[in-house]
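J.: Quick one: the structure is below, questions incoming.
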Amino acid sequence: EYNQKMFALLGVSHRADPAGLIAAFGERRAHWQLKPGAHDTLRELRRRGYRIAIISNFDTRLEQIVYDHLGLGEWVDYVHVSQTEGTEKPDPRFYLGFFERHSIKREHSIYLGDSYTLDFLPATGIGLKVWLLDEAGLYPHLPEAIRSIGDFPGLAPISAGSGNDRVHRASLGP
């Protein structure tokens, strides 16, 4: 739904099919690469005891991409996708469903997203501590904006909660 709205706002809905775009990203694995610094960030967060989740407006193929293609099995504990949830970002129910399903307390969680509209606003709205990956520098006025995923570990508390309460969302490209 979000992609359809975005294509309409861009004036290309008559020329582009959101479902086809998602299918192309799922089929062409060359598009799926970690952002610079992501692997080191995941390793550092894991060293600190964080449990890591990817929360995405994608379909069930994302699990195979994350675990098999990108080889993130030792770093990523959860993959939460809109297709299986029946709702998608920016709907707060999409985020709340993740925390409810895994019995994770939001107050002990930190979230890193790369979209102001899809990540920052709704995650902040449900009370998460949120950082915005703003690689293009579009939000210099936002104290929670960082330019590189490699900057994130320095902002994450050394320890947040215990056991089941530590979670972080890794931002993947494209």
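J.: What about ASP68, is it under 19 Å from HIS39 (Cβ atoms) and modelled with pLDDT of 95 or more? Break it down stepwise before answering.
T.: Numbers: under 19 Å from HIS39 (Cβ atoms): yes; modelled with pLDDT of 95 or more: no.
Considered against the rule, which asks whether it is under 19 Å from HIS39 (Cβ atoms) and modelled with pLDDT of 95 or more, ASP68 comes out as no.
J.: Go through (1) of a type in the set (S, T, N, Q); (2) surrounded by fewer than 20 Cβ atoms within 10 Å (Cβ to Cβ); (3) modelled with pLDDT of 90 or more and name the single condition ASN164 misses.
T.: Just one mismatch for ASN164, condition (3).
J.: Does GLU144 satisfy the criteria of being at pLDDT 90 or above, touching a Lys or Arg at 6+ places or on another chain (Cβ under 8 Å) and surrounded by fewer than 20 Cβ atoms within 10 Å (Cβ to Cβ)?
T.: Values: at pLDDT 90 or above: yes; touching a Lys or Arg at 6+ places or on another chain (Cβ under 8 Å): no; surrounded by fewer than 20 Cβ atoms within 10 Å (Cβ to Cβ): yes.
No: the conditions fail for GLU144.
J.: Right, something else. Could you list, in sequence order, all residues of segment 109-141 that are in a helix (DSSP H, G or I), of a type in the set (A, V, I, L, M, F, W, C) and open to solvent by 60 Å² or more (accessible area, probe 1.4 Å)?
T.: Of all residues in segment 109-141, those in a helix (DSSP H, G or I) come to 116-125.
Applying the additional criterion that residues be of a type in the set (A, V, I, L, M, F, W, C) yields 118, 120-121, 123.
LEU121 - this is the single residue of segment 109-141 that is in a helix (DSSP H, G or I), of a type in the set (A, V, I, L, M, F, W, C) and open to solvent by 60 Å² or more (accessible area, probe 1.4 Å).
J.: In addition: Which of the residues spanning segment 29-49 are assigned to a loop (DSSP other than H, G, I, E, B) and within 14 Å of ILE149 (Cβ to Cβ)? Break it down stepwise before answering.
T.: Of segment 29-49, the ones assigned to a loop (DSSP other than H, G, I, E, B) are 32-37, 48-49.
GLN33, LEU34, LYS35, PRO36, GLY37 - these are the residues of segment 29-49 that are assigned to a loop (DSSP other than H, G, I, E, B) and within 14 Å of ILE149 (Cβ to Cβ).
J.: How many of the residues in segment 50-61 are in a loop (DSSP other than H, G, I, E, B) and either charged (D, E, K, R) or touching a residue at least 40 places away in the same chain (Cβ under 8 Å) (or both)?
T.: Keep residues of segment 50-61 that are in a loop (DSSP other than H, G, I, E, B), which gives 50, 57-60.
Then drop every residue that is not either charged (D, E, K, R) or touching a residue at least 40 places away in the same chain (Cβ under 8 Å) (or both), which leaves 50, 57, 59.
Of the residues in that region, 3 qualify.
The values are calculated or read from the model by the stated rules, or taken from the named source; none is laboratory data. In this text, all values refer to a predicted model and were calculated from it rather than measured experimentally. Note that each Cβ is placed from the backbone with ideal geometry, even for glycine, and that neighbours are counted across all protein chains shown. Just so you know, the surface numbers come from the protein's heavy atoms only, side chains and all, with ligands and any DNA or RNA stripped out. Shrake-Rupley method; radii C 1.70, N 1.55, O 1.52, S 1.80 Å.
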